[in-house]
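To start, the structure under review is shown below, and the notes come after it.
The values are calculated or read from the model by the stated rules, or taken from the named source; none is laboratory data. This structure is a prediction, so every number in the text was calculated from the model and none was measured. Areas reflect the complete protein model, heavy atoms only, side chains present, ligands, DNA and RNA absent. Shrake-Rupley method; radii C 1.70, N 1.55, O 1.52, S 1.80 Å.
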Amino acid sequence: MKSEFVNQITVFKMSRSTEAGSARIVVLALISFLLGVAVTAFWFHHAAPSAPATVAQTTAPPPAPESVGIPAPAPAPTATPQSATPEAVDPAVIEQVKKAVPNYASVSLEEAEQILRQAALKAFADATSETDAQMKTAQQQLQNAQSNGSEADQQAAMKHVQDTQAAATEKLKQIAANLQAQISALKSLKNAL
């Protein structure tokens with residue numbers, strides 16, 4: 001009888017620790033995924049656009065409509081290329097760029113962009129560290145609610161975990177958007193020189 005009771009307690013403890021480990025793995029995977037998405041988006045957005053490949057036409061051009069007896073259609077109006085108008089850049093973002101790259105006039109655009117990217121990468125790392133600490137706290141609250149709380153406490157703890165994850169995702173998006181705005185401001189500053 002006693003060994004049966006001990007076996008039940010052991011199974012219960014193992015299932016609780018397995019659930020806690022699973023929750024940690026899910027959170028770690030989610031954070032890793034979000035960071036991967038952010039870094040990938042950042043990487044592809046800043047990759048130099050390659051020249052489009054041209055395909056040589058191997059077939060003979062079709063005969064002119066007049067030679068077949070069909071009147072030629074009226075020529076389509078040609079679109080005139082619009083001149084690229086500079087986007088309005090937020091003065092606060094320009095100040096951020098000037099603060100991050102005080103010698104922007106004397107460094108190349110690539111070097112200045114690299115400085116801004118390194119600052120954004122540091123912000124990503126700081127946000128990730130902060131998120132990890134918040135997630136550990138939220139997970140601990142969830143584990144406490146699962147072990148001795150009511151269903152309402154468990155739901156509230158789960159909502160807190162989800163809110164923490166959503167806030168972390170939003171913070172990473174803001175860092176990426178701020179970097180984009182800073183690079184645009186930097187380019188306009190460099191063009192104004």
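How much of the accessible area of the range 125-193, probe 1.4 Å, is carbon plus sulfur, in whole percent?
Carbon and sulfur atoms account for 50 percent of the accessible area of the range 125-193.
Over its Cα atoms, what ratio of radius of gyration to 2.2 N^0.38 Å does the range 93-173 give?
Against the compact-globule rule of thumb, the ratio is 1.68.
Cross-link list Lys98/Lys136; Lys98/Lys173; Lys99/Lys122; Lys122/Lys187: which exceed 27 angstrom alpha carbon to alpha carbon?
Long pairs (Cα-Cα over 27 Å): Lys98/Lys136.
Report P(r) for the range 139-188: all Cα-Cα distances, bin width 10 Å, range 0 to the bin holding the largest distance, values in whole percent.
26, 27, 18, 15, 11, 3
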